[in-house]
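So the structure is just underneath, and the comments pick up after that.
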Amino acid sequence: MSRIVGIDLGTTYSAVAVVNEFDHPEVLTNRDGESITPSVVLFQGDMPLVGTVAKRAATTAPLDVVEFVKRAMGDASWRFDATDGRTYRPEEVSALIVKRLKEDAELALGVPVTEAVITVPAYFDDAQRQATRDAGRIAGVKVVRVLNEPTAAAIAYGLSSGFNGTILVYDLGGGTFDVTILRIDGGSFDILATGGDRNLGGFNWDGELMRLLNERYTAAGGEDLLDGGELEAGLRERAALAKHSLSSVERARVVLSGNTMTTTLEVSRADFESITSGLLSRTREMAEMVRDDAGLTWDDIDRVLLVGGSTRMPMVRRMVENAIGRPIERRIHPDEIVALGAAVQARLVESERSGVPNLTVNGNRIKVGDVTSHGLGTFAINPNTGRLENTVIIPHNTKIPAKHPSYFTTVHDNQLEIDVEVTIGDDTDPEYVRNATGDKPLRVRIPAYPAGAPIEVIYAYDIDQTVFVEVNDLTARTSLGTFEVPNIANMSRSQVADAANKMRTTEVG
Ligand SMILES: Nc1ncnc2c1ncn2[C@@H]1O[C@H](COP(=O)(O)OP(=O)(O)OP(=O)(O)O)[C@@H](O)[C@H]1O
Ligand SMILES: [Mg+2]
């Protein structure tokens, strides 16, 4: 028997979990006995190394190490050039991490693992979700569901606590920030609104502290440590360590070394909080926006879940407790809860398939209703202004799966094809949305008709927020097909297949 596992593929750390024989989700330990694996890859020698060993090498061989690759997912131009001359796309680096997690899970479970639920930040768009699915496929893992991280956290919390009511999940990880508000009622998890920033996380807090430390170091006569190489990697490590200390003590000592000078600096929590207060405010504003989108006030929120390692910073808890006016939940494990929720979702898939009993909360079967994190639309000329605008067809925060029709008419006699463009975003200004299909719109063949023939284009998001388009010929009342929209930011099917082939013969340590 094989198992479907839940994977939290994080910016800095990843974790794998399954629901055990006692119906409890549990995190699996990796081959080194750790419950979380650093999402870091070291390219040295024949075998890429993933995890703690790779993370240790970040300061000694920064040019051979990839960290934070999740921030590059969905970026078509990002490449890592390994010193052996090979070039990797973000999906391929990520696939090495998935492969290692898969092998460790197989070791822990003693059965093959070929399928997984992988979590993603709620704010990931369709290209980033697809890139995540492709990373799985390259690693030989079929991604059966892409689940939003805050939703996963809420499922795990709901299952273990039996709590009913309105929850705000504030998830500040290494690289991303997500806020989701949901209602739990019996076994039903209904997401009301979601939002976030896919480039805001502990990484940015580190960045501010690195700048402060570098300023003090240069003021003391040292050279600029922000050199983009080994010195900077060393500074990043020291800054992250100091940041961790400052979560429990008021002052941290930091030893900094350049090529010419080593010195010890002291930094206080107050200094750290003051240079990062702008980052914290951004999370508060985002949380308030999502709360407004859900049509709620702080008083309507019954519980707040702090998820993600960065919520260990005292400034985060203080700010959230200040906003909500009372103390908040402390009983959750911020590093593991997302993987635990992914495991529950994996079990739901297993039970749909094979009749393994479903999990229940207070006797109710678990049902999850999520919403879209980005609007979906197309470009059209606004007849009033004559200007090209983005027309949102499925707005942000719509329940998924979602299907909304849109109507067009042919422009010419005997027009034999129509081009469907797909945009991601909620703004009417084309500048502020992403054209998913780029200069390669989806081209659909249609029968020859006189100009003005009506065509229906149905835009759809499935439960993973993959974008589909269904095209109907309203003259003949026939379907012209359902198409998965190729995103220019993603690898093509054949590129994924090639990468998967290469990966089959790659050993990962
Ligand atoms: N004690 C601590 N104090 C401050 N920050 C911490 C502490 N422990 C961990 N962190 C920070 O938490 C972050 C990692 O959190 P987590 O493992 O939840 O993120 P992730 O899942 O890798 O990222 P993401 O969810 O954004 O993809 C890092 O930035 C790390 O520095
Ligand atoms: Mg995370």
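Structure notes:
- Options 216, 251, 238, 211: the member that is touching a residue at least 60 places away in the same chain (Cβ under 8 Å) and of a type outside the set (Gly, Ala, Ser): 211
Table: residues versus (1) in the same structural domain as residue 143 (by TED's automatic domain parsing); (2) within 30 Å of residue 3 (Cβ to Cβ).
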position	(1), (2)
312	yes, no
315	yes, no
355	yes, yes
362	yes, yes
391	no, no
395	no, no
398	no, no
401	no, yes
412	no, no
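- Evaluating residue 311 against the criteria (1) among the polar types (S, T, N, Q); (2) within 15 Å of ligand 1 (Cβ to nearest atom); (3) surrounded by fewer than 18 Cβ atoms within 10 Å (Cβ to Cβ) leaves one unmet condition, (3).
- Filter pass, residue 482 being without any contact (Cβ under 8 Å) to a residue 40 or more places away in the chain and closer than 16 Å to residue 406 by Cα: yes
- Search result, residues across segment 176-200 that are within 15 Å of residue 308 (Cβ to Cβ) and surrounded by fewer than 24 Cβ atoms within 10 Å (Cβ to Cβ): 197, 198, 199, 200
- Qualifying position, being in contact with a Ser or Thr (Cβ under 9 Å, 6 or more places away or on another chain), over 17 Å from residue 338 (Cβ atoms), of a type outside the set (Lys, Arg) and more than 12 Å from ligand 1 (Cβ to nearest atom), among 230, 237, 215: 230
Here's the yes/no breakdown for (1) part of a strand (DSSP E or B); (2) touching a helix residue (DSSP H, G or I) at 6+ places or on another chain (Cβ under 6 Å):
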site	(1), (2)
306	yes, no
315	no, yes
343	no, no
368	yes, no
377	yes, no
386	no, no
390	yes, yes
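- Of the residues making up segment 485-509, those that are among the hydrophobic types (A, V, I, L, M, F, W, C), buried (at least 18 other Cβ atoms within 10 Å of the Cβ) and either part of a loop (DSSP other than H, G, I, E, B) or without any contact (Cβ under 8 Å) to a residue 12 or more places away in the chain (or both) are 485, 489, 491, 508.
- Of all residues making up segment 276-304, the number that are assigned to a loop (DSSP other than H, G, I, E, B) and either away from ligand 1 (no atom under 16 Å from the Cβ) or farther than 30 Å from residue 224 by Cα (or both): 6
- Conditions (1) over 21 Å from residue 80 (Cα atoms); (2) within 16 Å of ligand 2 (Cβ to nearest atom); (3) in a loop (DSSP other than H, G, I, E, B): number failed by residue 29: (2)
- Residues located in segment 27-67, provided they are closer than 30 Å to residue 157 by Cβ, crowded, with 16+ Cβ neighbours inside 10 Å and of a type outside the set (S, T, N, Q): 27, 28, 36, 38, 40, 50, 51, 55, 67
- Checking 59, 12 one by one, the residue that is within 13 Å of ligand 1 (Cβ to nearest atom) and not basic (Lys, Arg) is 12 and no other.
- In segment 137-182, the residues that are within 16 Å of ligand 2 (Cβ to nearest atom) and in a helix (DSSP H, G or I): 149, 150, 151, 152, 153, 154, 155, 156, 157
- Once segment 186-241 is narrowed to residues that are part of a loop (DSSP other than H, G, I, E, B), of a type in the set (Asp, Glu) and out of contact with any Gly (no Cβ under 7 Å at 6 or more places or on another chain), the residue that is modelled with the highest pLDDT is 224.
- For segment 79-95, a residue qualifies if it is outside any loop (DSSP other than H, G, I, E, B) and surrounded by 24 or more Cβ atoms within 10 Å (Cβ to Cβ), and the qualifying residues are 90, 91, 92, 93, 94, 95.
- In summary, residue 273 fulfils each of the numbered conditions (1) within 16 Å of ligand 1 (Cβ to nearest atom); (2) exposed (fewer than 14 other Cβ atoms within 10 Å of the Cβ); (3) touching a residue at least 12 places away in the same chain (Cβ under 8 Å) with the single exception of condition (2).
The values are calculated or read from the model by the stated rules, or taken from the named source; none is laboratory data. Everything numeric in this text was worked out from a predicted model, so none of it was measured. Positions of Cβ are backbone-derived with ideal geometry, glycine not excepted, and every protein chain shown enters the neighbour counts.
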